[in-house]
Amino acid sequence: MTITKTQRDILGSSALRPDGVSKVQGDFAFSSDLHAENMLWGATLRSPHPYARIISIDLSGAWKIAGVECVITAEDVPGQLTYGLISEDQPVFAKDFVRYMGEPVAAVAADHPETCRRALAAIVVVYEVLTPLTNPEHAIDEAREPIHPDGNIIRRQQIIHGDVNATAPIVVEGTYDIGMQDQAFLGTESALAIPDHDGAGIEVFVATQWLHEDRKQMAKCLALPEEKVRLVLGGVGGAFGAREDISLQVHTALLAMRTSRPVKMQYGREESFFGHVHRHPAQIWMRHHANTDGRIVKIEARFVFDGGAYSSTSSAVLINGVTHTQGPYQCPNAIVDGYAVRTNNPPCGAMRGFGVVQACFAHEGQMDKLAVATGIDEVEIRLRNIIHTGDTMITGQVLESVAPLERCIRETAAMPLPREMEAHPHELDLPGGSGRTADRRNIVRGIGWGVSMKNLMYSEGFDDYSTARCTLTNGSVELKFATSEVGQGFVTLAPQIARSVLGVDNVTYDTIDTQIGSAGSTSASRQTWMSGGAVDGACRMVRERLFEHVGALHGIDPLRLAIDDTDVVDTIGSLRITVQEASTNFTVSETFEYHHRPTQDLDDNGQGNCHVAFAFVAHRAVVDVDVELGLVKVVQIATAQDVGRVLNPMSVIGQIEGGIAQGLGLAVMEEIIVTNGIVRNPSFTDYLLPTALDAPQVLISMIEEPDPQAPMGAKGVGEAPCISVTPAIVAAIRNATGKSIDRCPVRPQDICF
Amino acid sequence: MPVFIPSSLTDATRLLSNNPSAHLVTGGTDLMVEVNFNHRHPETVISLRKIPEFQHWNIDNKSGVVHIGSSVPYATMEHGELAQALPALAEAARTVGSPQIRAAGSLGGNLGTCSPAGDSLPVLSALNAIVHLHSETTSRSVPFAEFMVGPKRNSRLPNEIISGVTIPLTNGWQGYAKVGVRNAMVISVASVCLAIHDGNVRVALGSVGPTIIRGSESEAWINSVGLENVTPSVAQEFGERVRAESRPIDDHRSTAEYRRHAVGVLATRLLLRGVQR
Ligand SMILES: Cc1cc2nc3c(=O)[nH]c(=O)nc-3n(C[C@H](O)[C@H](O)[C@H](O)COP(=O)(O)OP(=O)(O)OC[C@H]3O[C@@H](n4cnc5c(N)ncnc54)[C@H](O)[C@@H]3O)c2cc1C
C-alpha cells in the first residue's frame, strides 16, 4: 500500500466546509434549533393593512390567557422607538400608523407557540383604514401627503457628467420593469435571547449578517450600553441580504428582559415574507446615444426604486443603481436622475446584487437594442464599448480595479453551445417539464447575452472595516472573528488563510460573536476581501512574532526566515524546523483591523470616488421557449467571471452556480406579487423558486488576474453570478420569440400575447 | 390529540359517526398544510392509511374497469401496470408535487380537497370515474361529475368516507397536460385531460372554472367531425371551442385570459397527440 501525502487545505485547494457533513446529515444546529431551560416562546402581531391609523390597542384579552407571560407594544420600548440601517425611521412597533401589511404592532411571550397564537388572536386593534400610497410615481409627484414624517422621497440622486448636449446618430430607448424578488433563504428568522441574572444585560443568539450593527441598533432601542448586549451568531440558513436589517432582534430581547426568562422567536415561512425586506422593484428608463460604429456617446436615464414603507438601505441601493447606469462600458456623457421612494408597499432593501441587478437589466436591454440599431452583433457591440482599467466612469471616478472584461466576454463566447435538441427529447427536458405541455415542434431556441460590473464593499465614505485575531500556540492556530457565516464559506476560507500564512495544519475558530471588533456585514461581496484581509493580516503579524522568536533562539536575523510548507526555513542558511517545533511552549496572539481605501460621497451632480473596487462577469444564456404557451426552459448558461484569484475552487463554483439559479429565478419566475399594498403570494406554494429541473447546465471559466488592491489578489465572487444572468436569459427569450420584453420576471402571458 | 388508525372501513365509518368533528387524513399533504396555516385545528384525527381495502388497486379486464383504493399513493400510479392501463392518470400523477408528495398523496385526498387545480380530477372527469362513499350505515357510488360541486366543495356528506374510485377502461389514446410556471412541483394554472374511447373524444379542463369542466360541446363537435378527419386546422378549431367552454378567473397565479388561451392550446396539442399527427 502506498501512502500519498494528503493535500493540505491551504489557499487554492477545495478545502471542505467544516460544517458541511453536519449540515448534510441534519445535525447542524440552525438558530431555529436553539433551546434554553425554562424558555418562553415569542410571537408578533402584525398589521393586516398596508396603511391605517391605529385608534386603539386592547391587550387585556391576551393577558387573560393562561400561559401568557408578557404582552408588549410601542409603549414598552425603553429606548429609541425606531431603528434602521441608514436612517432610523422604522418603528420597533407601530404606534400611530401602520405603513405596510405585516408591520409589527405588538408581541407576546408565552409557554407555547400555540398559546402565543391564541394571545395574538385575543389582542384587539382598532384601525382606521387609509388609502395606501402604492404607486411610486405618486410618491415623487407629491400628489399625496407624506405617509411618514421623513417624507415620501427617501433619496434623489442625479448624475451629470461630460457634455449633456452631446448627440449621436443612433438613439435607442426603453423602459424596463423589474419585479420584487425575495431572498427566500431556507432558514427563517429566529433568535434566542437570554437575559443576564442581574437584569442589566442580555445575550442573544441570532441568525444575522452583521452582529455588531444589530447590537448597535438593539442597544439603542433597549436603552442598554452596547457592551451589555452580547450577540452570538446562531446557525444561519442563508441570507442574501434579508438579514441585514433588524427583524425580531429587539422584540425577542425585550420580551426576555421583561420576563427575566429566555425567549425564543422564530418566524414561519409566511411570516418571513413579512419579516424581512425584499429586492426593490424598479422602473428604469434609459436612452443611449451612439455612433454608427456602436460606440456609446451619451446615456440618459431615470431610475425609480420603490423602497416601500421604511428606508432600510434604499438610499445605498439607489446609489448603486445610478452609478452603474453605464454598466461595464465606456460612456463619456451622462444625465441620470434617480429616486428611491417611500410607499405603503413592503419595505425593500438589500439583496444580492444590491441595485446593480436592476441597472444591469436595463443597460443590457439597451445594448441589445443598440446591436439591432447598428447592425453589429451583440458580442461585438459589447466588446467595442468595454471599460478598461484607467477609464473614467460617469461619476468621475477612475476605474482602478483589474478589469479583464474582454477575456470574460471572449472566453464565454468560446464555450461550446449545447447540442441541438433531439428529435424525440425526454419530456422533462422540454419547457413545461413534467406538465408535458409541449412537443418538439412547439419549441424555439434562443441565445442571449448579459455582461456586468459590480462594486465590491461599501461605498460613499463608509469605513466597513473588519477585525480578526490569530493565536498561535504549540503548532495550532485559533482564529477569532465576528464574520457572519451565512453559507458563503468564510469558516472554510479563514483556516485556509492561516494554514497558508503560518504553515500550520490544525486551525480552529472560536465562537462567532461580539467579543471582538466588528467584521462588517456579510454582504456586498466583501468578506473574502475584508475579513480575509483581517485574518491574513493577523496571521502575518503572528508570523513576524514567530520569526523573531526563532531568530532569537538561533541567532538569525528574522528577516531571513520564511515559511515553506509546514516548516520555518532560513532562506539563506540551513535552518529548517517545523512550525510545530518552533512554536512549542510559545504563544502569540495578534489582532488586526483591515480597512479598505477610503471613498467619498457623491456630490449633487453625482461626482465622486464613491466605490472601492469592481468585479466583472459575462453570461451567455441558451433557452428553449414554447412560444405559444409562453413557457421557458433555460438550457445552458456559460459564464466567465473575474475572480482575481481562486482561493477555494469548490466555493467559487458553488457561488457561481447558486447565483445563476437565483438570477434565473428573477428572469422567469420569482416575484412577490403586491396589489394595493397586499402581498398575494407569501408562501413557497405561490412564490416559485427554481427546482433542480429548472436549473440549467452551467459552464464556468474563472478568470484569474489577481487584483493588487485586494489583500490576497481575490475579488468577492458572491454577487456577480446573479446580476447579468437575468438579462442574458431575457435576451435569449427575446431572441427566440422576436418579442420585445422589457420586464422581469417574464411571465407566460408576456411571451404568448 | 387522539389519532385513530382504524384497520377496516367498518371501523373507520363507525369512528367517524362517533366523532363527527374528527378530521380525516390519508397522506396529509393537504391537511397538514392547512394545519400549518392555522386554517384547521383538528382535535381528533382519523387516519385512513392502514385500511387494506383503501390501499388496494386492481385492473379488471373482464368488466373493463380499474379500481383504485383511496389511499393508493400517486407513486404507484406513475409506472407499471396501472400506468399502462391508465396513461393519463400516470401522466397526471407524475406532475403532482415532488417525489415526497407523490409517496404520500392520494386520490382520496385529492377528491377530499376537491380543488379545481387538483391534478387527478380532470382525469377522473374525462374517464367517467365513479367515486365510492360510505357512512356507518350507507354506501353509494357517485359519478365524478356529480361529486365535485364547486371550488373545494363536493357532495360527500360529513359522515361519509371515500373508499376509492372505479375507472372504466378506454380503448383509445388518453393523455394529460398541465401548465405551471415552473418545470416541476407547481400548482396547475390550466390543465387538460383528453381521452378517446370507441372513436369518441372526451375532454376535461382543470383550473379554468369553479369545478373541473367537461368540454361537452367541443366533444360533440369533434365527434361529429370524426377523428379520421382531424387535421392541424381542425385541432385548432377544437382548441378554440374548448377555450370557449372554459370559465377561468384572474388571480395571483395567472390571468383569466392566459388560462383560456392555455386550455385551448393544450386541447389542440392533446388532440394531435391522440391522433398522432
Ligand atoms: C408541496 C406540495 C405540492 C403539491 N402539489 C400538488 C400538485 O402538483 N397537484 C395536486 O393535485 N396536488 C398537489 N398537492 C396537494 C396534495 O398533495 C394533493 O391534493 C393530494 O392528492 C392530497 O392527498 P392526501 O392523501 O395527502 O390528502 P390529505 O391531506 O390526507 O387529505 C386532504 C383532504 O381530503 C380529506 N380526505 C382524505 N382522505 C379522505 C377519504 N378517504 N375520504 C374522505 N375525505 C378524505 C381530508 O380530510 C382532507 O380534507 C401538493 C401538496 C404539497 C404539500
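Bear in mind these aren't lab numbers, they're just calculated from the coordinates by the rules spelled out. It should be emphasised that the depicted structure is a prediction, and the values quoted were computed from it without experimental measurement. Reconstructed Cβ throughout: ideal geometry from the backbone, glycine too, with neighbour counts over all protein chains shown.
Taking θ = phi - 60°, what integer Hz values does the Karplus form 6.51 cos²θ - 1.76 cosθ + 1.60 yield along segment A:612-625, in sequence order, with x for Gly and Pro?
7, 7, 9, 10, 10, 7, 10, 10, 10, 10, 10, 10, 10, 10
Would you mind working out the magnitude of the charge dipole of segment B:174-276 relative to its Cα centre, with +1 at each Lys and Arg C-beta and -1 at each Asp and Glu C-beta, to the nearest 20 Debye?
For segment B:174-276, the charge dipole is close to 380 debye.
Per-residue HN-Hα couplings for segment A:556-569, Karplus 6.51 cos²θ - 1.76 cosθ + 1.60 at θ = phi - 60°, whole Hz, x for Gly and Pro?
Values, residue by residue: 10, 4, x, 5, 7, 8, 8, 9, 10, 6, 10, 10, 9, 10 Hz.
Could you work out how far apart the two model spin labels at A:Ile55 and A:Asp463 are, taking each label as a point 7 Å from the Cα in the direction of the beta carbon, and quote it in nm?
Label at A:Ile55, label at A:Asp463, 5.3 nm between them.
Let me know the Kirkwood hydrodynamic radius for segment A:445-486, please, with Cα pairs as the basis and the value in Å to one decimal.
Radius from the Kirkwood sum: 15.2 Å.
Looking at the calculated P(r) for segment B:35-120, what percent of the C-alpha pair distances fall above 19 Å?
In whole percent, the long-distance tail amounts to 43.
What lysines does B:Lys178 reach when the alpha-carbon gap must be under 21 Å and sequence neighbours fewer than 8 apart in one chain are set aside?
Within reach: A:Lys633, B:Lys152.
Starting from the amide H of A:Ala403, placed 1.01 Å from N in the peptide plane, find each other amide H under 5 Å away whose residue is 5 or more places distant or on another chain.
So A:Ala403 has HN proximity to A:Thr389.
Work through the residues other than A:Gly20 whose Cβ is under 15 Å from its Cβ and net out their charges, Lys, Arg +1 and Asp, Glu -1.
Within the 15 Å Cβ shell, the charges total -2.
Could you list, in their original order, any pairs among A:Lys454/A:Lys480; A:Lys95/A:Lys220; A:Lys216/A:Lys715; A:Lys454/A:Lys739 whose Cα atoms are separated by more than 20 Å?
In this structure, A:Lys454/A:Lys480; A:Lys216/A:Lys715; A:Lys454/A:Lys739 exceed 20 Å between Cα atoms.
Can you find, among A:Val129, A:Ala166, A:Ile153, the residue sitting farthest towards the positive end of the charge dipole of segment A:126-167, where Lys and Arg contribute +1 and Asp and Glu -1 at Cβ?
So the residue we want is A:Ala166.
Just to be sure I follow: if Rg is taken over the C-alpha atoms of segment B:174-276 and Rh is the Kirkwood radius over the same atoms, what is Rg/Rh?
In segment B:174-276, Rg relative to Rh is 0.97.
About the Cα centre, and with charges only on the beta carbon of Lys, Arg (+1) and Asp, Glu (-1), how big is the dipole of the protein assembly as shown? Nearest 20 debye, please.
The dipole magnitude comes to about 2180 debye.
Which one of A:Pro48, A:His289, B:Gly109 has its Cα pushed farthest toward the positive end of the charge dipole of the protein assembly as shown, where Lys and Arg give +1 and Asp and Glu give -1 at the Cβ?
Result: B:Gly109.
For a quick protection proxy, order the peptides B:80-88, A:94-102, A:729-737 by their average other-Cβ count within 10 Å, most packed first.
A:729-737, A:94-102, B:80-88
Around A:His388, what is the net charge, scoring Lys/Arg as +1 and Asp/Glu as -1 over all other residues with Cβ under 15 Å from its Cβ?
Here the charged neighbours net out to -1.
Can you list residues from other chains, or at least 5 along the same chain, whose modelled amide H is less than 5 Å from the amide H of A:Asn506?
A:Val477
I need two numbers for the protein assembly as shown: Rg to one decimal and Dmax as a whole number, Cα atoms only, in Å.
Cα-based Rg and Dmax for the protein assembly as shown come out at 31.2, 106 Å.
Answer rounded, prolate or oblate for segment A:357-491, using the Cα gyration tensor with square roots of eigenvalues a ≥ b ≥ c: rounded when a/c is under 1.5, else prolate when a/b is larger than b/c, else oblate.
Oblate.
If you take each beta carbon of peptide B:89-101 and count the beta carbons of other chains within 10 angstrom, what is the mean?
2
Each residue of segment A:676-690 in order: what ³J(HN,Hα) in whole Hz does its phi give by Karplus 6.51 cos²θ - 1.76 cosθ + 1.60, θ = phi - 60°, with x for Gly and Pro?
6, x, 9, 7, 8, 9, x, 7, 7, 6, 10, 8, 8, 9, x
For A:Ser14 and B:Phe37, what is the calculated FRET efficiency with R₀ set at 56 Å and r taken between the beta-carbons, to the nearest 0.05?
According to the calculation, E is roughly 0.85.
How crowded by other chains is B:184-190, given as the mean number of beta carbons from other chains within 10 Å of each beta carbon?
Mean partner-chain Cβ count within 10 Å for B:184-190: 6.
Using a Cα-Cα cut-off of under 22 Å, which lysines could be cross-linked to A:Lys64, ignoring same-chain neighbours fewer than 8 residues away?
Correct list for A:Lys64: A:Lys264.
In terms of modelled amide H atoms, which long-range or inter-chain residues lie less than 5 Å from the amide H of A:Glu705?
A:Val643, A:Gly644
Which one, A:Thr115, A:Phe462, A:Ala340, projects farthest toward the positive side of the charge dipole computed for the protein assembly as shown from Cβ point charges (K/R +1, D/E -1)?
Most positive-ward Cα: A:Thr115.
Around B:Ala195, what is the net charge, scoring Lys/Arg as +1 and Asp/Glu as -1 over all other residues with Cβ under 13 Å from its Cβ?
Computed value for this residue: 0.
Report the extension gain between A:Leu186 and A:Asp603 in nm, rounded to one decimal, defined as 0.36 nm multiplied by the number of residues separating them, less their alpha carbon distance.
Extending this stretch completely gives an extra 146.1 nm.
Per the helix-only calculation at 222 nm, which mean residue ellipticity applies to chain A, given -39500 (n - 2.57) for every DSSP H run of n ≥ 4 and division by its residues, nearest 500 deg cm²/dmol?
Calculated at 222 nm, the ellipticity per residue is -7500 deg cm²/dmol.
Could you pull the Rg and Dmax for segment B:3-168, using just the Cα atoms, both in Å?
14.9, 47
How long are the three semi-axes of the equivalent ellipsoid for chain B, computed from the Cα gyration tensor as the root of 5 times each eigenvalue, in whole Å, largest first?
33, 21, 16
For peptide B:247-259, how many partner chain Cβ atoms fall within 10 Å of a residue's Cβ, on average?
Averaged over the peptide's residues, the number is 3.
Calculate for chain B the 222 nm mean residue ellipticity that helices alone would give, adding -39,500 (n - 2.57) per DSSP H run of length 4 or more and normalising by residue count, nearest 500 deg cm²/dmol.
So the helix-based figure for chain B works out to -10500 deg cm²/dmol.
What is the distance in Å between the Cα centroid of segment A:122-153 and that of segment A:460-528?
Value for the Cα centre distance between the two parts: 43 Å.
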